[in-house]
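Working notes for the structure below.
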Amino acid sequence: MRWSNLVLDAPSPVQPLPLRIPGAVERTFDAPGFAGMTFYEVQARSIISRVPAASRMPFEYTINPYRGCSHACVYCFARNTHTYLDLDAGRDFDTKVVVKVNAPQLLRRELAAPQWTGAHIAMGTNVDCYQRAEGRYRLMRGIIEALRDFANPFSILTKGTLITRDLDLLRQAAAQTSVGVSFSIGFLDETLWRRVEPGTPSPRRRLDAVRRFADAGFAVHVLVAPILPGITDSEESIDATVAAIAAAGAAGVTAITLHLRPGAREWYAAWLARTRPHLVDRYRALYGRSSYAPKAYQRMIGARVAQAARRYGLVRAAAPDHRGIAEPRAPSAVSRSPAGSPVGTPGGVQREAEQLRLL
């Protein structure tokens, strides 16, 4: 898809298409934090998903108790998955959230299956499992309890400070198995935060959460992600962000530059044209037909973050690969088991072609 072919004007309102979730219970809540949002409660058939080998992710299995995300990050790479449900990748992704209400019970069944041999499970890899809906549905507590009880290694990546609610359970789990906790903090500018990540806790609140987990004994990793070309990629922005992360007690950082897959690409392009039209040509030059910035640019950004990490004593700085993806190096105070070994398939785990489907 050519960047130059994108329509960069603000998108017109789109009428929602029929939802492809048979048996879903539709709910709205009369509370300020849920204004304009619709939740679709479903009974999922499986909860542990196997990640396609072609994706070359640093993990093999994942759990996603939600589809769609109220964080409303304009760059979110998962936006296009909403189109599989006949919903749009823009406003629908932000306001129409699918909730797998039976996730904790289903997980216990799959962890107990004879063919499941205890592989590492990553969470927060598609949409945030600590988004606003989690405050009402509380699925993660049951999920963490199941993983703790089965001593199954896992990791969580989040922008949500709600994870501090579950610090007690995560400490219990870390006494039984490997537990990784990572946060995403791409910049400190609060004006920018309100524009590109309007549904998330502020960067300062996320830094406070990093400190709480560090004080509790977790070796917290932070993804400086995504770094936005022409917006947050300056040495000054990166230096200030890494300095604050180090001061919060993080054990390491990883640089990830913005990547723009279909769905996210169009939504971000429209935002860029509205708010920073002077950068449109630069993005066309950087991304062209690709979802990823050139390797040379990524190496430059990685070097800036690595230099700042060394400056502030964060020696565990990981550089991304050519797709801007790197595995956090410091998952917890407990040594982590290798993630990604082919150790069998749990009952009901979706095949590669079905990996992004709900039912």
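Residue-level check: of (1) at pLDDT 50 or above; (2) within 19 Å of LEU157 (Cβ to Cβ), ALA273 misses just (2). Yes or no: the range 247-254 includes at least one residue that is in a helix (DSSP H, G or I) and at pLDDT 95 or above. Within the range 247-254 (the criterion being in a helix (DSSP H, G or I) and at pLDDT 95 or above), the answer is yes, since at least one residue qualifies. Yes or no: PRO226 more than 26 Å from PRO58 (Cβ to Cβ), in contact (Cβ under 8 Å) with a residue 60 or more places away in the chain and not in a helix (DSSP H, G or I)? No, not satisfied. Selection of first residues in the range 131-155 that are on the phi > 0 side of the Ramachandran plot and of second residues that are surrounded by fewer than 22 Cβ atoms within 10 Å (Cβ to Cβ), restricted to Cβ pairs under 7 Å at least 6 apart or on distinct chains, gives the following pairs, ordered by first then second residue: ALA151/GLN176; ALA151/THR177.
Among the candidates ASP208, ASP233, ASP189, the residue that is farther than 30 Å from TYR283 by Cα and charged (D, E, K, R) is uniquely ASP208.
Restricting attention to the range 100-143, report how many residues are among the polar types (S, T, N, Q), at pLDDT 95 or above, assigned to a loop (DSSP other than H, G, I, E, B) and over 14 Å from the mean Cα position of the chain (by Cα).
Number of matching residues: 2.
Of all residues in the range 65-95, those being outside any loop (DSSP other than H, G, I, E, B) and either at positive phi or touching a Phe, Trp or Tyr at 6+ places or on another chain (Cβ under 7 Å) (or both) number 2. In the range 188-223, which residue that is buried (at least 20 other Cβ atoms within 10 Å of the Cβ) and in contact (Cβ under 8 Å) with a residue 60 or more places away in the chain is farthest from ASP166 (Cα to Cα)? Step by step, filter the range 188-223, then rank; the result is VAL196. Screening ALA251 with (1) under 27 Å from ARG289 (Cα atoms); (2) touching a Leu at 6+ places or on another chain (Cβ under 8 Å) gives one miss only, at (1). Restricted to the range 26-52, and to residues there that are touching a helix residue (DSSP H, G or I) at 6+ places or on another chain (Cβ under 8 Å) and of a type in the set (A, V, I, L, M), the residue that is surrounded by the most Cβ atoms within 10 Å (Cβ to Cβ) is ILE47. Within the range 273-295, being within 10 Å of LEU260 (Cβ to Cβ) and either touching a strand residue (DSSP E or B) at 6+ places or on another chain (Cβ under 8 Å) or surrounded by 16 or more Cβ atoms within 10 Å (Cβ to Cβ) (or both) holds for TYR283, LEU286, TYR287, SER291, TYR292, ALA293. Kindly indicate whether GLY90 is at pLDDT below 95, of a type outside the set (S, T, N, Q) and surrounded by fewer than 23 Cβ atoms within 10 Å (Cβ to Cβ). Yes. Of all residues in the range 255-268, those being within 17 Å of HIS71 (Cβ to Cβ) and either of a type in the set (Gly, Ala, Ser) or in a helix (DSSP H, G or I) (or both) number 4.
Condition test on ALA72, is it of a type outside the set (Asp, Glu) and at pLDDT below 90? Here the answer is no, as ALA72 does not meet what is asked.
The values are calculated or read from the model by the stated rules, or taken from the named source; none is laboratory data. These numbers were taken from a predicted model, which means no experiment stands behind them. All Cβ positions, glycine included, derive from the backbone under ideal geometry; neighbour counts span all protein chains shown.
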